[in-house]
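The values are calculated or read from the model by the stated rules, or taken from the named source; none is laboratory data. Keep in mind it's a predicted model, so treat the numbers as computed, not measured. Neighbour counts are summed over all protein chains in view; Cβ atoms, including those assigned to glycine, are modelled from backbone coordinates with ideal geometry.
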Amino acid sequence: MSDLLKQSIPGIIADAQRFITEPAIVERLSRDFYWYSPVLRRQLEGKHADAVIQPVNVDEVREVLRFCFAHDVPVTARGAGTGNYGQAIPLHGGIVLDLSRMDTIHEITADGVAVCGPGVRLGVLETAARTSGWELRCYPSTIAKATLGGFLGGGSGGIGSITHGGLRDFGTVRALEVVTMEAEPKVHRHEGEAVHEILHAWGTNGIITRIWLALTPAVEWSQCAVAFDGFDKAYDFSERIANDPRWTKRLVTTFEWPIPSAFYPIRNICTEAKDLAFFLIARDQLQDFEQEVRNVSATVTYSGDYAGLRTSPLLSDYTWNHTTLWAIKQDEAFTYLQCGFNPDSVREQFRLLKEKFGEEILFHMEFMKNGAGRIVPGAIPLVRFTTEERLLEMIRYCREIGVFVANPHVNNVEDGGRFREDNVQLAAKRRYDPKGLLNPGKMLSFQPAEETVR
Ligand SMILES: Cc1cc2nc3c(=O)[nH]c(=O)nc-3n(C[C@H](O)[C@H](O)[C@H](O)COP(=O)(O)OP(=O)(O)OC[C@H]3O[C@@H](n4cnc5c(N)ncnc54)[C@H](O)[C@@H]3O)c2cc1C
């Protein structure tokens, strides 16, 4: 395949430098953060593509897909490769289509919509948006590296979701264009509800080449870290701030001790044996907020202005799935779950989990607004991994007591917990990738149409 591709490259992309076969680079660009999961580490170790192609425009994407369709070559889209579930790891070789060079911000419209290529880094977009009075509604803690296309393909939400919900909520993704994997690849535009046919499909049903992303007016933010005597107090306070509409906020995160002991660059703001909470609060509310902290006899261990991504310390670097990264750095035995607790019985759910699993599970909460507009306690708890069976037992028990789990230890769209029950992602795959060549093996419910199988 590589030889055939090599010969054909001049007709596919303008610059042969953007066709990479050097094994070390191909292997690096075939990996993501799948190793967060001990289960996926075992399953996916050593999988890689045969070559990487880096298109710079939609015409090149179409040419690559035309060639790959004709020769039955699998294609796995890649943004920055920061996904945690092996989403961007090719299971059957072929091409990694690295979209990071399609990184143009075409326009930020007067009414706050960013029109972008898929390779735009979210950090670059946040900075550009802020210079014109806007900011991202929500972003992952990997904002500095992650691309917008990868966020749409594999992400869910993050900082900002407390106010604006997840990426898929409230019309945040206004529209997108996607290229199909057919004999004659086409560009289709999806608008409004139709974006859900493509979002969070792990690049299995089309290559996103342009995005219209709704922004929100920029706010001057302050960061604040607060230490509490006990997780219950930390949780109660966080929940109250999260639910009180009086506070303009971008982040409410709660950590059970000893999680903060892993945050070694900011140990000076993490008090030994105290549970911790991080907040991004509107700057003009900071004084009142600190008073609120004193009212509950908690301690502000740090507060300061947020001045963009270069702010130091940047508290969001320790939240969402970065928390897990710090914990793994401290002790490789840690892994994680992605949970949604029930706001009406969350304390009972905490109690049951602690009763059954004790220190095997450590609570890390991230408050967010759900699609119905309710603030809910999301969580990315740390888990001390022993065996796969024990991990499955914990997942089963969570579900038994009404805690939703989006399982991060599986390598397919359906079991990851964000597959649409109305099957619109699957229906789009049938239309746009009839042979099943886009990231094959990741959408299990898809079977190629018989006439396409040779
Ligand atoms: C430390 C850490 C913290 C994280 N925190 C968060 C968080 O807070 N919130 C969150 O949602 N996620 C989080 N993640 C996961 C990940 O960083 C985000 O989902 C990120 O947005 C992925 O972007 P990427 O460019 O790296 O995508 P990649 O990993 O390159 O790709 C992700 C998926 O999208 C597909 N894809 C990429 N580009 C395209 C395209 N143009 N068209 C179609 N499909 C495409 C890929 O095939 C893959 O299946 C975290 C991960 C780590 C390691």
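Check whether at least one residue in region 336-352 is within 13 Å of the ligand (Cβ to nearest atom), in contact with a helix residue (DSSP H, G or I) (Cβ under 7 Å, 6 or more places away or on another chain) and not in a loop (DSSP other than H, G, I, E, B), and report yes or no.
The first filter runs over region 336-352 and keeps only residues within 13 Å of the ligand (Cβ to nearest atom), leaving 336, 338.
Of the ones still in play, those that are also in contact with a helix residue (DSSP H, G or I) (Cβ under 7 Å, 6 or more places away or on another chain) are 336.
So of that shortlist, the ones also not in a loop (DSSP other than H, G, I, E, B) come out as 336.
Yes, some residue in region 336-352 is within 13 Å of the ligand (Cβ to nearest atom), in contact with a helix residue (DSSP H, G or I) (Cβ under 7 Å, 6 or more places away or on another chain) and not in a loop (DSSP other than H, G, I, E, B).
Would you say Phe419 is within 19 Å of the chain's Cα centre (by Cα) and at negative phi?
Spelling it out, Phe419 is indeed within 19 Å of the chain's Cα centre (by Cα) and at negative phi.
Six or more apart or on different chains, Cβ atoms under 8 Å: show the pairs whose first residue is in region 417-428 and surrounded by 16 or more Cβ atoms within 10 Å (Cβ to Cβ) and whose second is of a type outside the set (A, V, I, L, M) and in a helix (DSSP H, G or I).
What qualifies is Phe419/Gln425; Arg420/His196; Val424/His196; Val424/Glu197; Gln425/His196; Gln425/Glu197; Ala428/Glu197.
I'd like the full set of residues that are of a type in the set (Val, Ile, Thr) and under 30 Å from Leu337 (Cα atoms), limited to region 284-320.
Answer for region 284-320, where residues must be of a type in the set (Val, Ile, Thr) and under 30 Å from Leu337 (Cα atoms): Val293, Thr299, Val300, Thr301, Thr311, Thr319.
Based on this model, can you work out whether Leu251 counts as touching a strand residue (DSSP E or B) at 6+ places or on another chain (Cβ under 7 Å), within 16 Å of the ligand (Cβ to nearest atom) and not assigned by TED's automatic domain parsing to the domain that holds Asp344?
Details: touching a strand residue (DSSP E or B) at 6+ places or on another chain (Cβ under 7 Å): yes; within 16 Å of the ligand (Cβ to nearest atom): yes; not assigned by TED's automatic domain parsing to the domain that holds Asp344: no.
So Leu251 does not fit the description; no.
Residue pairs, Cβ under 6 Å, 6 or more apart or interchain, first in region 191-203 and under 14 Å from Leu213 (Cα atoms), second charged (D, E, K, R) and outside any helix (DSSP H, G or I). List them.
Short answer, once both residue conditions are applied: Leu199/Arg168.
Quick check: is even one residue across region 256-275 in a strand (DSSP E or B), closer than 24 Å to Ile361 by Cβ, assigned by TED's automatic domain parsing to the domain that holds Gly230 and out of contact with any Gly (no Cβ under 8 Å at 6 or more places or on another chain)?
Initial filter on region 256-275 (in a strand (DSSP E or B)): 275.
From the residues that got through so far, the ones that are closer than 24 Å to Ile361 by Cβ too are 275.
Applying the additional criterion that residues be assigned by TED's automatic domain parsing to the domain that holds Gly230 yields 275.
Then keep just the ones that are out of contact with any Gly (no Cβ under 8 Å at 6 or more places or on another chain); that gives none.
No: zero hits.
When you go through (1) closer than 21 Å to Cys138 by Cα; (2) more than 12 Å from the ligand (Cβ to nearest atom); (3) of a type in the set (A, V, I, L, M) one by one for Leu167, which number turns out not to apply?
So Leu167 meets the others, but not (2).
Scan region 224-255 for residues that are in a loop (DSSP other than H, G, I, E, B) and more than 25 Å from the chain's Cα centre (by Cα) and report the count.
6
Looking at Phe231, Phe237, which is the one that is more than 9 Å from the ligand (Cβ to nearest atom), touching a Ser or Thr at 6+ places or on another chain (Cβ under 8 Å) and either modelled with pLDDT of 95 or more or within 24 Å of Gln287 (Cα to Cα) (or both)?
Going through Phe231, Phe237 in turn, just one is more than 9 Å from the ligand (Cβ to nearest atom), touching a Ser or Thr at 6+ places or on another chain (Cβ under 8 Å) and either modelled with pLDDT of 95 or more or within 24 Å of Gln287 (Cα to Cα) (or both): Phe231.
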